[in-house]
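What follows is a short report on a single structure.
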Amino acid sequence: MMEESGIETTPPSTPPPSTIGTSVAAATSAIFTPVPPVLPNPVVQAPIAGIGSSITFPEEPEDPRVHTMHDEGSAGGIWGFIKGVAGNPMVKSVLDKTKHSMETVITTLDPGMASYIRTGGELDIVVTSIKEVKVSAVRDAFQEVFGMAVVSGEDGQSNIAPQPVGYAAGLKGAQERIDSLRRTGMIHEKQPAVSVENFIAELLPDKWFDIGCVIMDDPVHGIRLEAFTQATPVPLEYVQQAQNLTPQDYNLRWSGLSVTVGEVLERSLAHVSRTDWHVAFTGMSRRQMIYSATKALAGMYKQRLPPRIL
């Protein structure tokens with residue numbers, strides 16, 4: 001209190017001490033937050049060189065094919081690289097598919113090229129005829145089954161009637177064509193050969209059919225197979241005409257007739273050829289029939305050949 005000025009003053013009071021810091025500290029110490037333990041990483045094996053951290057990353061396994069191709073390429077230069085690439089199964093598959101696609105395009109644009117593309121390989125077949133209807137059918141069938149084959153024709157002869165009658169006569173005629181080529185030296189005695197002989201047979205009373213006999217003879221592997229084409233109906237009247245035109249004293253009458261059914265049909269019907277009258281009666285050519293039977297025969301032949309020939 002100041003008495004000189006006559007004014008009485010009161011000194012300011014001291015503020016009470018603050019408890020905020022104490023309260024926060026107490027609250028903080030009262031709340032306990034658990035800290036999870038630090039577990040070691042199972043993939044960590046060793047620290048990376050030059051880095052203090054102990055964290056490492058798993059290494060991926062190396063592909064041995066990469067090293068193989070690299071080694072071959074380094075060892076042989078460009079040729080080694082080409083050899084390594086060509087030996088890759090995936091690349092080989094792509095090349096084979098490309099080759100097949102190109103062949104398909106070529107043969108589609110020009111079907112006549114198929115026989116040239118597929119001619120070759122180890123399989124060599126001789127057909128006992130020079131008629132294209134037989135040779136081309138056999139060639140296409142064997143090349144379809146084997147992929148590649150050399151098929152040629154030689155003119156084989158038989159000692160039976162021009163129009164064989166019955167299965168036995170047809171089979172004998174086909175075999176004699178092979179025997180004649182071997183006997184005259186036209187083909188080697190071990191040469192695989194295919195022979196085709198058509199005959200007629202009365203399968204039902206007064207119902208005659210034309211059938212083709214196809215035989216395969218491979219002396220080297222001891223394989224002999226027979227197959228037959230589908231039966232084509234022949235009207236009875238045309239068979240009777242062929243019988244009437246054959247002399248009674250015909251020396252080969254035991255095996256058939258001297259006049260073929262095709263000759264009779266050609267004389268009797270307009271626009272019908274003696275060599276391929278089947279298409280006029282069934283809509284299917286004789287070549288197609290021979291091809292179908294020969295393809296089945298080629299499939300059986302392939303199953304019986306040793307693996308090295310395939």
Practice task
Output the residues belonging to region 259-291 that are of a type in the set (Ser, Thr, Tyr), closer than 17 Å to Pro233 by Cβ and in a helix (DSSP H, G or I).
Solution key: Ser268, Thr282
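From the list Leu297, Leu203, Leu257, Leu225, pick out the single residue that is surrounded by 14 or more Cβ atoms within 10 Å (Cβ to Cβ), over 23 Å from Ala137 (Cβ atoms) and in contact with a strand residue (DSSP E or B) (Cβ under 6 Å, 6 or more places away or on another chain).
Every option except Leu257 fails the conditions.
Considering only residues of region 206-222 that are out of contact with any helix residue (DSSP H, G or I) (no Cβ under 8 Å at 6 or more places or on another chain) and outside any strand (DSSP E or B), which is surrounded by the fewest Cβ atoms within 10 Å (Cβ to Cβ)? Before you say what the answer is, go through the steps one by one.
At the first step, the residues of region 206-222 found to be out of contact with any helix residue (DSSP H, G or I) (no Cβ under 8 Å at 6 or more places or on another chain) are 209, 219-220, 222.
Filter once more, so that each one left must be outside any strand (DSSP E or B): 219-220, 222.
Working: Pro219: 15, Val220: 11, Gly222: 7.
Among those that are out of contact with any helix residue (DSSP H, G or I) (no Cβ under 8 Å at 6 or more places or on another chain) and outside any strand (DSSP E or B), it is Gly222.
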Problem - Boolean, Lys207 is assigned by TED's automatic domain parsing to the domain that holds Glu132 and either free of Cβ contacts under 8 Å to residues at least 60 places away in the same chain or in contact with an Asp or Glu (Cβ under 7 Å, 6 or more places away or on another chain) (or both) - result: yes
Exercise for the section: Would you confirm whether any residue within region 262-277 is closer than 12 Å to Ile200 by Cβ, of a type in the set (S, T, N, Q) and in the same structural domain as Gln163 (by TED's automatic domain parsing)? Expected result: no
Handout entry: Selection status of Asn244, farther than 30 Å from Glu122 by Cα and either in contact with a Lys or Arg (Cβ under 6 Å, 6 or more places away or on another chain) or assigned to a loop (DSSP other than H, G, I, E, B) (or both)
Key = no
Exercise for the section: Kindly indicate whether Val126 is within 27 Å of the chain's Cα centre (by Cα), surrounded by 17 or more Cβ atoms within 10 Å (Cβ to Cβ) and more than 27 Å from Arg253 (Cα to Cα). Expected result: yes
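The values are calculated or read from the model by the stated rules, or taken from the named source; none is laboratory data. Since the model is a prediction, treat every value here as computed from it, not as a measurement. Neighbour counts are summed over all protein chains in view; Cβ atoms, including those assigned to glycine, are modelled from backbone coordinates with ideal geometry.
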